[in-house]
Amino acid sequence: PQKETHPHHICGMGDGLHAYSGDMGIDFVSFYSIKNHELHLIKDVFIDCPLGSGPRIMRISPDNRFAYLLHEISNTVAVYALRDFGIDEIQRISTLDGNTVIINSAAGCAMTADGEYLLITNRGENTLVLFKINSATGTLTVCDRIRTGLTPRDLYINDHQIIVAAQASDCLQLFELDTSQHRLKLLNEVAGVSAPVGFLN
């Protein structure tokens with residue numbers, strides 16, 4: 001666990017006027033307004049996460065109704081309903097296969113542009129996990145889990161293709177999402193990429 005404050009990620013809402021920032025060190029998410037290209041703190045502890053859970057990345061549904069918060073240390077995704085700038089937790093789901101015991105830290109978290117799927121990478125289990133999002137309730141269902149290279153960090157989604165940066169395997173991997181079967185398939189791999197950790201988009 002982190003021993004001091006560690007803001008890791010900031011997530012803007014679709015209105016362009018508000019943003020959330022997760023701090024892995026002190027285990028909470030803050031809420032900001034955006035005015036004149038500056039952040040203004042509205043609420044310091046907007047989401048008070050379990051101690052040592054490590055809130056890492058938050059994603060917001062395209063309709064701004066639901067938030068998905070990946071916890072690196074507890075290897076979970078918490079799902080929240082957003083209600084007039086209030087928030088209610090409605091689900092907490094593991095990123096891991098419950099049949100295995102392994103040292104792991106969840107890393108990447110991305111949502112498809114249509115808001116139908118959430119994808120997570122696991123460092124240790126070395127997997128890319130596909131969750132289907134229920135558009136009515138916001139809840140997640142695990143659809144597929146596929147092996148990746150070693151230490152998958154960030155991921156980038158382009159339509160229904162996903163690129164994973166496998167840091168310890170020095171490669172990028174291209175996966176395809178079959179929306180009819182809700183399954184993942186490895187299409188290609190580019191070796192010789194030195195310790196890739198993230199994408200700019």
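The values are calculated or read from the model by the stated rules, or taken from the named source; none is laboratory data. Because the structure is predicted, anything quoted here is derived from the model rather than measured. FYI the Cβ positions are ideal-geometry reconstructions off the backbone, even for glycines, and counts take in every protein chain you see. Each accessible area value is taken on the protein alone, full model and side chains, heavy atoms only, with ligands, DNA and RNA left out. Shrake-Rupley method; radii C 1.70, N 1.55, O 1.52, S 1.80 Å.
By accessible area, using a 1.4 Å probe on protein heavy atoms only, the chain has 50% of its surface on carbon and sulfur. Once the 1.4 Å probe is applied to the protein heavy atoms, the chain comes out at 50 Å² accessible per residue.
In this structure, the amide hydrogen of ARG92, modeled 1.01 Å from its nitrogen in the peptide plane, lies closer than 5 angstrom to those of VAL79, counting only residues at least 5 positions away or on a different chain. Within the full protein context, the accessible area of CYS49 is estimated at about 10 Å² for a probe radius of 1.4 Å. The simple Förster model, with R0 at 41 Å and r as the Cβ-Cβ distance, assigns LYS132 and HIS8 a FRET efficiency of 0.95. Were the residues from VAL101 through PHE199 laid out at 0.36 nm apart, the gain over their Cα-Cα distance would be 32.3 nm. Computed over neighbours whose Cβ is under 15 Å from that of VAL197, the net charge equals 0, Lys and Arg +1, Asp and Glu -1.
About its Cα centre, the chain has a charge dipole of approximately 220 debye under the convention of +1 per Lys or Arg Cβ and -1 per Asp or Glu Cβ, with nothing else charged. Subtracting the Cα-Cα distance of ILE90 and ARG147 from 0.36 nm times their residue separation leaves 17.6 nm of extension gain.
Each of LEU39, SER53, ILE73 was scored by the projection of its Cα onto the charge dipole of the range 31-73, and the greatest displacement toward the positive side belongs to LEU39; charges sit on the C-beta of Lys, Arg, Asp and Glu. Derived scalar couplings between HN and Hα for the range 53-68 equal 7, x, x, 10, 9, 10, 10, 10, 5, x, 8, 6, 8, 9, 10, 10 Hz in order, rounded to whole Hz, by the Karplus curve 6.51 cos²θ - 1.76 cosθ + 1.60 (θ = phi - 60°), x for Gly and Pro. Between ASN134, SER94, ILE162, the Cα set farthest toward the positive side of the dipole of the range 90-166 (charges on each charged residue's Cβ, about the Cα centre) is that of SER94.
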